[in-house]
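The values are calculated or read from the model by the stated rules, or taken from the named source; none is laboratory data. In this text, all values refer to a predicted model and were calculated from it rather than measured experimentally. Quick reminder, even Gly has a Cβ in these numbers, built from the backbone with ideal geometry, and neighbours come from all protein chains shown. Side chains included, ligands, DNA and RNA excluded: accessible areas come from the protein's heavy atoms. Shrake-Rupley method; radii C 1.70, N 1.55, O 1.52, S 1.80 Å.
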Amino acid sequence: MRISNLIVFSVIVLTTSFAFAQTKQVQINFVPTLGKDKIQLTEIPQVLRSKDQLQVEVLKYYVANITFRHKGNLVFEEKNSVHLIDAKAVGASTIKVTMLDTIRYDQINFNLGIDSITNVAGALGGDLDPTNGMYWTWQSGYINFKLEGKSLLSVYKNGEFQLHIGGYLKPANALQPVSLDVNCKQVLNVGFDIGTFINAIDIATQHHIMSPSPVAVQLAQAAARSFNVIAE
């Protein structure tokens, strides 16, 4: 067999092998919780603690740069990985990724927020479309995390709070990495514990955060610590 024919044959074999490789779909569900309890965002206030009742009306955040690791080694990296999670919109809290069936993992990693490169690229489409309400047109940057509602502890009118956390320039870069140990299952339920987040901040004074700042970074760190894996 001539060398050129052998090369063509090898390429065909490799391409065919990859095309028929077994794959699996991993579904990641992002779920709002209060402690261990899954909740729905409704008009009904949730009892958070003895002196507070919490009514969450908006919970949105960006999940980006999803990777999976096994024993510390990178085994899968999602391409073009940017997802807007909206706890109130049907179907907007689930991410599906496809990987080789042979891949095993024990950790999922993602960024809470949008990186600086994407931020300076200006307003984009899809989940990054400004019409999603997660882009500061006056600030030329994305809101990484948004939580709105009412709390008895907020001294603002009617107990309202609005936390819009973003920023990509130091010292107000609010992007936060999240790492969670998981079992190698094809359905992963990742909780965001609103109670953990609210209890970590002072909602009485931090009821309105609407621009990048060191305080916004502290809240972003608290938000990143509020993710957990829901055991099923």
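Here the simple spin-label model places points 7 Å from the Cα toward Cβ, and for Glu232 and Ser140 these points are separated by 4.4 nm.
Cβ-Cβ distance of Met210 and Asn65, R₀ of 30 Å, FRET efficiency by 1/(1 + (r/R0)^6): the value works out to about 0.75.
The slack in the chain from Arg104 to Glu57, taken as 0.36 nm per residue of separation less the alpha-carbon distance, amounts to 13.2 nm. Could you tell me how many degrees, from 0 to 90 and to the nearest 10, lie between the Cα long axis of helix 214-224 and the main elongation axis, the longest principal axis, of the Cα atoms of the chain? On a 0 to 90 degree scale, this one is about 60. Can you tell me the 0 to 90 degree angle between the C-alpha axis of helix 3-19 and the longest principal axis of the chain, rounded to 10? Value to nearest ten degrees: 40. Which of the pairs Lys96/Lys185; Lys88/Lys150; Lys24/Lys88; Lys60/Lys88 have their Cα atoms more than 19 Å apart in this structure? Too far apart for the 19 Å limit: Lys24/Lys88.
Per atom type, the chain shows carbon and sulfur on 54% of its accessible surface, probed at 1.4 Å.
Averaged per residue, what accessible area in Å² does the chain show with a 1.4 Å probe, protein chains only?
Numbers: 12410 Å² over 232 residues.
In whole numbers, the chain has 54 Å² accessible per residue.
Pairwise inverse Cα distances across region 55-167, averaged and inverted, put the Kirkwood hydrodynamic radius at 15.8 Å.
Against the compact-protein benchmark of 2.2 N^0.38 Å, the Cα-based radius of gyration of region 98-232 scales to 1.17. Counting only Cα atoms, the size of region 139-192 along its three principal axes is 46, 31, 17 Å, in decreasing order. Where in the chain is the longest stretch that carries no trypsin sites (Lys or Arg not before Pro) classed as loop by DSSP and with at most 16 other Cβ atoms within 10 Å? For trypsin sites (Lys or Arg not before Pro) (loop position, at most 16 other Cβ atoms within 10 Å), the longest site-free span of the chain is 105-184.
Multiply the residue gap between Leu74 and Asp181 by 0.36 nm, knock off their C-alpha separation, and tell me the result in nm, one decimal place. Present the calculation step by step, with values, prior to reporting the outcome.
On the way: separation 107, 0.36 × 107 = 38.52 nm, distance 1.36 nm.
Full-extension gain reported as 37.2 nm.
Each label point was placed 7 Å from the Cα along the Cα-to-Cβ direction; for Ala172 and Ala92 their separation is 2.5 nm.
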